[in-house]
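A short write-up of the structure that comes next.
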Amino acid sequence: MAFTIGEIAKILGGRGQIVSPEAPIRQLLTDSRNVSFGAESLFFAIPGTQHDGHAYIDQALQAGVRCFVVEKMPQKTTADANFILVPVAIRALQQVAAAHRGLFDIPVLGITGSNGKTIVKEWLNHLLQTQMDIVRSPRSYNSQIGVPLSVWEMDARHELGIFEAGISQPGEMEYLQKVIQPTIGLFTNIGHPHSEGFRDDAEKLQEKMHLFTSCHRIIYCADQPEVQRFMQSTGKGFSWSREHDQADVCVRDVLVDATSTQFHIQFQSHLIHLHIPFTDAASIENAIHAIVAALLIRSAAGSLTDKDITTIQTRASGLPVISMRLELKKGVQNCLIINDSYSADLASLEIALRFQAQHGAGLHRTIIFAAFDETGLQDAALCSAIAQLLKRYHIQRAIAIGDMYMSHQSLFSGIDMQFVPDTETCLRQFKQSAFHNEVILIKGARRYKLERISALLEAKTHGTVLRVHMHHLVHNLHVYRSTLKPGVKTMVMVKAFSYGSGQAEIARILSHQRVDYLAVAYADEGVELRMQGIRLPIMVMNPEPDAFANMIAHNLEPELYSKRILQAWLQETQAHVDSPAVHLKIDTGMHRLGFEAEDINAIIEHLPRLRIASVFTHLSASDDKAHHAFTQEQLKKFTQAADHIKQAVDYPIILHALNSSGISHYPDAQFDMVRLGIGLYGVDPADAIQSKLKPVSTFETSIAQIKDIAVGESVGYSRSFVADKPMRIATINLGYADGFSRELSNGRGQVAIIPADGKFNQQYICPVVGRVCMDMTMIDITQVPEVHEGDIVEIFGTHISIQSHAAMRNTIAYEVMTGISQRVKRVYESEW
């Protein structure tokens, strides 16, 4: 559903330089660093307070972009580039997104309010993702730029859109409404965040309501009097309430226990019992918003079925923690840590204090807080309001960070207060030993980087973690996409638990990045992805006949590679009118799986009973220049076989041959699609590509104990290591059961200790001593300047590459990644 640049010029009514009006536009850009497919991208040069997008036009041109929307023409225009001149680029971005939105006649939910927008959006997606194909705002993309970029992600496969909208001053919501064009509205609540640009809450509420101009229903909580009065005047309100029986949806019998909350919802004629794994008031309110929205959406699609209700009940019981909001973690010395450094306003402070009170039974209540940037209050008034809340919730100890608090210390009388000017001083002044038996709330504006305090106070348990840097994965995807010819599709391998990185999590981000296909090894992996709400086409590379029925049920597409598998598939599908498409694999020299050349005629005989999605082969040595002639012969054989099959059908078939290394070495053999595997995770044999990739995974553990040993003392099983000098030995929380191979015993393996001050050097590289145990490994730390129990130890990542680690084991990065145990916790991180 791509627009052409000529069509966009007409939408915008702009003038300028249009040299290729038929150029398709599939990606909208506002950041020249995020170019993935320049030939089909449109760059909006938006002036901002910090940067002017016009300054980055040359960088975008170098990345392959040839279509631009600008407020002023460059002094020197490129002859083959298109430039649309408009008065305001950000409004042009919104106009284009609005035109794209107008192509789709599906329900679209628009969410606004002061707090909870992102959580409600994510939870609503969680409730419905197995029943509907959903497009939603990524993270908290709710700004004047974020909303149009989110809406642009809509395409023909989607059945529901969920977009959040945030504003900071009057006049903004009108623009977002035209982009989202919601058919259903959801208003979370009214509070203090982003109040600076408004006279009062009434003006802010009035402005937010502009989002719902085109809505036929607006979901809201009737227990907020100001919101209730306004909604009644619209005639569109769809209310829920814990207090008023006349609401459209009544919430009853709320029972909160130590770890969960139960309640009943009366929705139409259905009395529905719900159970959610949260107990704080904010989460309960957000969950009810999401549940009511899910019920309304499903009922609007037809009569609400028992299956709809059961699905929502089941998924509500597993609502996930959204990490950008309140998180409760175990801390040092019997402490609990609540890290709420995402938002910084009085309303969210009160919610967090209430959450702290609910989870801190038997513990002293402590708060560490920095400046609040979203209140609109003068300093003295803000300090007084914070002090009142601290007293109301019986805070027993408070640490205030920032000059403002130091200047208003008298307003905090009656509270055990300590004041520090900045986060660095706090980290120096307060060590782990200063906190015992406390529930510690960490709260404040993100610019103070309070997560460093949270990290200091969090308990290090088993300490073995595989950190998956999702922003690096997206970067690597963009690197490979930038090498592809226009129109070439991308299939990504997510087999073997996505090379050990976590299958569903990786698949979700790839789905958002609009890859064309996923591939798994076995049917069970594909079924799991479907159960997690992944709707992209999925190829199963090693299908077995006993899994065919399950594959048909979940629309998984098999790789057919032999006459036996072909006949079994034909037999299984003969009773099915609409079976999944199939992929034919041709063996051109790998001699693993695939049809031989002499099988092609037999395949063609059965083509009327098959729907061919693709024909492909696998290159044996695309990473080795020594076998260039052999690879070229493979490509020749593949082309001959594929052409024979293509001539026998009257519809297009995708051809593909290149894996990660093939993409970089054989650009002329991209055909219609490429298959991206290990390269996505930062490993490529071609230096030119490798230098652009970023490591996606960091495997790390922690030090459990440190010992000093004398000459002649041994370490580990069978006394395979005996000290020939006085040594310091550290035992780390990692063994072969975690994926740290026994081949790394006795000096063959090395790890890197991460210094607390970040000043890493080669002294921190430590060899393994003794034999690797099942759950523990000993390392020599004699030469390390300063090391402590609990310090982080990197197995591979920033300081030891995965390739270097694989070389220590005389293996390849594939084996290392897929060998990391499932018991190792995966932590997904991003910088978006």
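The values are calculated or read from the model by the stated rules, or taken from the named source; none is laboratory data. All of these numbers come straight from a predicted model, not from anything done at the bench. No Cβ is skipped: glycine too gets one built from the backbone with ideal geometry, and neighbour counts run over all protein chains shown. Please note that ligands, DNA and RNA were not included when accessible areas were found on the heavy atoms of the full protein model with its side chains. Shrake-Rupley method; radii C 1.70, N 1.55, O 1.52, S 1.80 Å.
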Those residues of region 394-409 which are under 37 Å from the mean Cα position of the chain (by Cα) and part of a helix (DSSP H, G or I), in sequence order = D403, M404, Y405
If you check G677, G682, which single one turns out to be modelled with pLDDT under 95 and touching a Pro at 6+ places or on another chain (Cβ under 6 Å)?
-> G682
Report, ordered by the first and then the second residue, all pairs with beta carbons closer than 9 Å, sequence separation of six or more or different chains, a first member in region 146-163 that is assigned to a helix (DSSP H, G or I), and a second member that is among the polar types (S, T, N, Q) and open to solvent by 30 Å² or more (accessible area, probe 1.4 Å).
-> G146/S140; P148/Q95; L149/T30; S150/N142; V151/Q181
Looking at I90, I119, which is the one that is modelled with pLDDT under 95 and either in a helix (DSSP H, G or I) or charged (D, E, K, R) (or both)?
-> I119
Among the strands (runs of 3 or more DSSP E) contained in region 1-47, which hold 2 or more residues that are free of Cβ contacts under 8 Å to residues at least 60 places away in the same chain, surrounded by 17 or more Cβ atoms within 10 Å (Cβ to Cβ) and aromatic (F, W, Y)?
-> 41-44
Do you know which of the residues in region 695-728 that are open to solvent by 80 Å² or more (accessible area, probe 1.4 Å) and not in a strand (DSSP E or B) is nearest to Q803 (Cα to Cα)?
-> Y717
Of the residues in region 145-195 that are over 25 Å from the mean Cα position of the chain (by Cα) and among the charged types (D, E, K, R), the one that is nearest to L296 (Cα to Cα) is K178
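Taking the stated definitions as given, is I732 more than 29 Å from the chain's Cα centre (by Cα), under 21 Å from V468 (Cβ atoms) and touching a residue at least 60 places away in the same chain (Cβ under 8 Å)?
Details: more than 29 Å from the chain's Cα centre (by Cα): yes; under 21 Å from V468 (Cβ atoms): yes; touching a residue at least 60 places away in the same chain (Cβ under 8 Å): yes.
Criteria met by I732.
Among the listed residues D668, D738, D684, D724, which satisfies the condition of being among the charged types (D, E, K, R), within 30 Å of L560 (Cβ to Cβ) and touching a residue at least 12 places away in the same chain (Cβ under 8 Å)? Working first, answer last.
Numbers: D668 fails: touching a residue at least 12 places away in the same chain (Cβ under 8 Å); D738 fails: within 30 Å of L560 (Cβ to Cβ); D724 fails: within 30 Å of L560 (Cβ to Cβ).
On inspection, the qualifying residue turns out to be D684.
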Scan region 51-61 and give yes if some residue there is more than 27 Å from A165 (Cβ to Cβ), touching an Asp or Glu at 6+ places or on another chain (Cβ under 6 Å) and surrounded by fewer than 20 Cβ atoms within 10 Å (Cβ to Cβ), otherwise no.
-> no
Go through region 625-679 and give me each residue that's under 25 Å from E598 (Cα atoms) and of a type in the set (G, A, S).
-> A629, A641, A642, A648, A657, A669
Given the conditions (1) open to solvent by 30 Å² or more (accessible area, probe 1.4 Å); (2) within 23 Å of I162 (Cα to Cα), which single one is not true for H289?
-> (1)
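So how many residues does region 387-429 have that are of a type in the set (F, W, Y) and open to solvent by 10 Å² or more (accessible area, probe 1.4 Å)?
From region 387-429, those of a type in the set (F, W, Y) are 393, 405, 412, 419; that's our starting set.
With the extra rule that they be open to solvent by 10 Å² or more (accessible area, probe 1.4 Å), the set shrinks to 393, 419.
Summing the residues that are of a type in the set (F, W, Y) and open to solvent by 10 Å² or more (accessible area, probe 1.4 Å) in region 387-429 gives 2.
Residues Q262, Q232: which one is over 27 Å from V147 (Cα atoms), open to solvent by 50 Å² or more (accessible area, probe 1.4 Å), modelled with pLDDT of 90 or more and not hydrophobic (A, V, I, L, M, F, W, C)?
Working: Q232 fails: modelled with pLDDT of 90 or more.
Within the list Q262, Q232, the selection yields Q262.
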Residue, nearest to D643 (Cα to Cα), within region 657-680, restricted to residues that are open to solvent by 10 Å² or more (accessible area, probe 1.4 Å) and of a type in the set (S, T, Y) | Y666
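Checking the condition modelled with pLDDT of 90 or more and open to solvent by less than 30 Å² (accessible area, probe 1.4 Å), which residue from E164, E207 passes?
On the way: E207 fails: modelled with pLDDT of 90 or more.
Answer to the check: E164.
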With the checklist (1) touching a residue at least 60 places away in the same chain (Cβ under 8 Å); (2) over 23 Å from E350 (Cα atoms); (3) open to solvent by 10 Å² or more (accessible area, probe 1.4 Å); (4) not aromatic (F, W, Y) in hand, flag the one item Q268 doesn't pass.
-> (1)
Quick one: N437 ticks every box in (1) of a type outside the set (A, V, I, L, M, F, W, C); (2) in contact with a His (Cβ under 9 Å, 6 or more places away or on another chain); (3) closer than 16 Å to L353 by Cβ except a single one, so which number is it?
-> (3)
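Report whether or not Q763 is polar (S, T, N, Q), open to solvent by 70 Å² or more (accessible area, probe 1.4 Å) and without any contact (Cβ under 8 Å) to a residue 24 or more places away in the chain. Break it down stepwise before answering.
Numbers: polar (S, T, N, Q): yes; open to solvent by 70 Å² or more (accessible area, probe 1.4 Å): yes; without any contact (Cβ under 8 Å) to a residue 24 or more places away in the chain: yes.
Yes.
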Pair list, Cβ under 7 Å, 6 or more apart: region 346-374 residue within 23 Å of G402 (Cα to Cα) and surrounded by 18 or more Cβ atoms within 10 Å (Cβ to Cβ), other residue basic (K, R) and at pLDDT below 85 | none
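Conditions (1) modelled with pLDDT under 95; (2) outside any helix (DSSP H, G or I); (3) out of contact with any strand residue (DSSP E or B) (no Cβ under 8 Å at 6 or more places or on another chain), marked per residue:
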residue: A730; (1), (2), (3): no, yes, no
residue: P785; (1), (2), (3): yes, yes, yes
residue: E794; (1), (2), (3): no, yes, no
residue: A807; (1), (2), (3): no, no, yes
residue: Y814; (1), (2), (3): yes, no, yes
residue: I820; (1), (2), (3): yes, yes, no
